[in-house]
Amino acid sequence: SYARFLLDRAIDQDGDPRAIGWLEELAENDDAEAMLLLGNMHARGVGTDQNFRRAVGWYKDAVKIAPEDASIVNEVAWTLTVSHFDALKRTTYARDIMDTLMNANEAARGRPEYLDTWAAAHAANGDFERAIELQEQALAAAEALEFEGVMDILQTHLKAFQDGQTITETAP
């Protein structure tokens with residue numbers, strides 16, 4: 001929770017180097033969320049020097065520890081797909097982990113946020129036809145679940161894919 005607080009862009013908070021040590025202790029016990037947060041902290045340089053190589057290593061470790069955890073895989077894939085830091089992007093890896101997750105996890109295939117990431121990963125790899133198909137599924141899932149608050153962003157992403165564009169945003 002403290003690491004997420006430190007990473008919150010809405011809060012003007014200096015990084016606390018102690019958080020890295022605490023997260024590393026958790027990571028030693030195969031805590032995938034700690035690994036994910038370590039990746040985010042290294043990617044942004046919060047409480048440590050910015051280091052994209054280390055960030056990607058932590059992200060990959062998190063997925064390796066928890067390949068069936070849809071939340072972890074989705075967050076890693078989203079970050080490595082849409083990050084405004086070009087040196088952090090690993091679009092092929094992101095697509096591959098989303099393909100694996102989504103093909104194996106029926107519940108995840110019904111979640112608009114996971115379908116959106118899956119579509120973005122395909123678009124980032126130049127497969128806009130598949131991205132459009134997946135984004136349409138994301139919109140249908142959001143409508144079925146009555147997630148009206150996300151419809152606009154899902155529609156914006158669909159339009160981008162139809163226009164042959166990828167998604168980039170401040171991440172993580």
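The values are calculated or read from the model by the stated rules, or taken from the named source; none is laboratory data. Just so you know, these numbers come straight off a predicted model, no measurement behind them. Don't worry about glycine lacking a Cβ; one is built from the backbone with ideal geometry, like all the others, and counts go over all protein chains shown. To get the accessible areas, we keep the full protein, side chains included, count just its heavy atoms, and leave off ligands, DNA and RNA. Shrake-Rupley method; radii C 1.70, N 1.55, O 1.52, S 1.80 Å.
Things to note:
- Verdict on Thr170 being of a type outside the set (Gly, Ala, Ser), under 15 Å from the mean Cα position of the chain (by Cα) and under 21 Å from Thr91 (Cα atoms): yes
- The set of residues in the stretch 121-150 being of a type in the set (Gly, Ala, Ser) and surrounded by fewer than 14 Cβ atoms within 10 Å (Cβ to Cβ) consists of Gly126, Ala144, Gly149.
- Looking only at the stretch 29-61, and only at residues there that are touching a helix residue (DSSP H, G or I) at 6+ places or on another chain (Cβ under 6 Å) and among the β-branched types (Val, Ile, Thr), the one that is farthest from Val73 (Cα to Cα): Thr48
- Filtered residues of the stretch 51-77 (kept if surrounded by 17 or more Cβ atoms within 10 Å (Cβ to Cβ) and under 12 Å from Asp30 (Cα atoms)): Trp58, Asp61, Ala62, Val63, Ile65, Ala66
For every residue, the table says whether it meets (1) without any contact (Cβ under 8 Å) to a residue 24 or more places away in the chain; (2) within 28 Å of Leu38 (Cα to Cα).
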residue	(1), (2)
Leu80	no, yes
Ile97	no, yes
Met102	yes, yes
Asp116	no, yes
Gly126	yes, no
Ile132	no, no
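- Among (1) at pLDDT below 95; (2) exposed (fewer than 14 other Cβ atoms within 10 Å of the Cβ); (3) under 26 Å from Thr168 (Cβ atoms) - the single one Thr92 does not satisfy: (1)
- Residues of the stretch 96-126 satisfying the condition of being within 11 Å of the chain's Cα centre (by Cα) and of a type outside the set (A, V, I, L, M, F, W, C): Glu113, Tyr114, Asp116, Thr117
- Any hit, the stretch 21-36, residues being in contact with a Ser or Thr (Cβ under 7 Å, 6 or more places away or on another chain) and part of a helix (DSSP H, G or I): no
- Qualifying residue in the stretch 117-127 (condition: more than 30 Å from Arg54 (Cβ to Cβ) and at pLDDT 95 or above): no
- Search result, residues across the stretch 25-50 that are acidic (Asp, Glu) and open to solvent by less than 70 Å² (accessible area, probe 1.4 Å): Asp31
- Number of the exception - Ile153 against (1) open to solvent by 30 Å² or more (accessible area, probe 1.4 Å); (2) within 28 Å of Arg44 (Cβ to Cβ); (3) in contact with a helix residue (DSSP H, G or I) (Cβ under 7 Å, 6 or more places away or on another chain); (4) hydrophobic (A, V, I, L, M, F, W, C): (3)
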